[in-house]
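The values are calculated or read from the model by the stated rules, or taken from the named source; none is laboratory data. Since the structure is predicted, the reported quantities are computational estimates derived from the model, not experimental observations. A quick note on method: Cβ atoms are made from the backbone with ideal geometry, for glycine too, and the neighbour counts reach across all protein chains shown. Surface areas here come from the heavy atoms of the whole protein model, side chains and all, with no ligands, DNA or RNA. Shrake-Rupley method; radii C 1.70, N 1.55, O 1.52, S 1.80 Å.
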Amino acid sequence: MPKNWAVLSGSVVVGRIVESAAYSSRLQLVTDKGFLAVGQIQRVIDGRDVQIGPKLVKLSPQNATMVPVRFKGDGKGAVLIESVKRSHNIRVGDRLVTSPANPLLPMTAMVGKVTRVAEHKDPNWVTLEVQPGVDLAAIREVMVIQPRVAPPAVKGGE
């Protein structure tokens, strides 16, 4: 199988293929150090105040836009999102999902839930910790998702 194909457990992204052989593949889990991807935060509609343009408004189904983010594995069982604007008012329980901008995944899928909103060195920003949507140590079966675009060609011998 080609590298970078997404791997899911149920409807939750758990990683991607990094190496394949005849009867097995090695995965890089979303929590592994070195895992990097783009995603988006889907906020729970709970009436919180959020900054939209120059205005502070109540979050509602009509204005609940996704917050684009870059996320990475922390190597310790969680996913980190560094430098999210504080004005987005992300809270524990909000969901990290994949981005439709990712050409290797043909749909939006959950990655996990925000479990911690931490202070950042700049007071205008926060850092988020996300727990995967499944227990990665307990999964035994996964699905490999064929991308909607062809992965880059690999030159002979590489």
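Of the numbered conditions (1) out of contact with any strand residue (DSSP E or B) (no Cβ under 8 Å at 6 or more places or on another chain); (2) in contact (Cβ under 8 Å) with a residue 24 or more places away in the chain; (3) not β-branched (Val, Ile, Thr), PRO100 satisfies every one except a single condition; which is it? Here PRO100 clears every test but (2).
Screening ILE41, ILE45, ILE17 for residues that are touching a residue at least 60 places away in the same chain (Cβ under 8 Å) and either over 26 Å from SER83 (Cβ atoms) or in a loop (DSSP other than H, G, I, E, B) (or both) leaves exactly one candidate, ILE17. Just to be sure, is GLY77 farther than 24 Å from ARG48 by Cβ and either in contact with a Lys or Arg (Cβ under 9 Å, 6 or more places away or on another chain) or without any contact (Cβ under 8 Å) to a residue 40 or more places away in the chain (or both)? Against the criterion (farther than 24 Å from ARG48 by Cβ and either in contact with a Lys or Arg (Cβ under 9 Å, 6 or more places away or on another chain) or without any contact (Cβ under 8 Å) to a residue 40 or more places away in the chain (or both)), GLY77 does not qualify. Answer yes or no as to whether ARG26 is open to solvent by 70 Å² or more (accessible area, probe 1.4 Å), assigned to a strand (DSSP E or B) and of a type outside the set (Phe, Trp, Tyr). When the stated conditions are applied, ARG26 passes them. Among the residues of the range 77-97, the one identified as of a type in the set (S, T, N, Q) and part of a helix (DSSP H, G or I) is SER87. Within the range 83-112, the residues that satisfy the criterion of being touching a Lys or Arg at 6+ places or on another chain (Cβ under 9 Å), buried (at least 16 other Cβ atoms within 10 Å of the Cβ) and not acidic (Asp, Glu) are HIS88, ASN89, ILE90, ARG95, LEU96, LEU104, LEU105, MET110, VAL111, GLY112. Restricting attention to the range 54-73, the residues being touching a Phe, Trp or Tyr at 6+ places or on another chain (Cβ under 9 Å) and either assigned to a loop (DSSP other than H, G, I, E, B) or surrounded by fewer than 19 Cβ atoms within 10 Å (Cβ to Cβ) (or both) number 1.
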